[in-house]
């Protein structure tokens, strides 16, 4: 791992922040992740984080502080001018070139799982394969809807359909409840004004494993299946932690 300087940081909510780093990553394509680390008690502690930035600009990471964790509380204490350790190469297969053609692309995330979709949307490459892109971002508290202004601006421009969702609070234009439940009762499709179907949809899932498992189960009820290179399907996912 190599040192990388923090250029700036944004605090979205208590314990939820992003920062941008100087440097470049080999093999980086929007949707991939890299390792960040620090030397703690004489050992390198590192974790994988998806990037929210497109290639060719400062590297942007969106992170939530894990109470009792070893790394994130220390990362949270850092600011502009401080250094972290960065892996030299990006990794992962959660990229648009792994997604089969479909009319509608659904980008479904919880929490910081929105990051790889931001990278894809900001990059723009490969999005013209889809007639409609629906971005669903589920969080616990309304304050956790990071990047909401940017996503709403994309929606206003007609680039995406944006559906924020929240489990613990209600808000204007925010879908209330868990994403799998809102798929099961049809409320997500009603809000997005789009249908989830094996004929027309591909669904990308990123974030909390509970959301992913529940959503995969709900989509299986629609006769949608996991996507594999040798057996094309309708669902791609990347679980956090």
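Taking a cut-off of 17 Å, what percent of all Cα-Cα pairs in the range 47-105 are separated by more than that? So the portion of pairs separated by more than 17 Å is 56 percent. For the chain, the calculated P(r) over all alpha carbon pairs, in 5 Å bins from 0 to the bin holding the longest distance, is 1, 6, 14, 19, 19, 16, 12, 8, 4, 1, 0 percent. Counting every C-alpha pair in the range 198-241, the share spaced more than 16 angstrom apart comes to 33%. Summarising the strand pairing of the chain, around 50 percent of its internal DSSP beta bridges are antiparallel.
Computed on the Cα atoms alone, the convex hull of the range 2-86 gives a volume of 90 cubic angstrom per residue.
In the range 96-239, Cα pairs under 8 Å separated by at least six residues give a relative contact order of 25 percent. If you wrap the tightest convex hull around every Cα atom of the range 96-239 and split its volume per residue, you get 98 Å³. Here the sum of -39500 (n - 2.57) over DSSP H runs of 4 or more residues, divided by the residues of the chain, equals -5000 deg cm²/dmol at 222 nm, to the nearest 500. Principal-axis analysis of the Cα atoms of the chain puts helix 209-220 at an angle of about 20° to the longest axis.
Residues 206, 166, arranged from fewest to most other Cβ atoms within 10 angstrom of their Cβ, appear as 166, 206.
Taken together, the values in this text are just the output of simple stated rules run on the coordinates, not laboratory data. Owing to the predicted nature of the structure, the values given are computational and were not obtained by experimental measurement. When we count neighbours, we look across all protein chains shown, and the Cβ atoms used for this are built from the backbone with ideal geometry, even at glycine.
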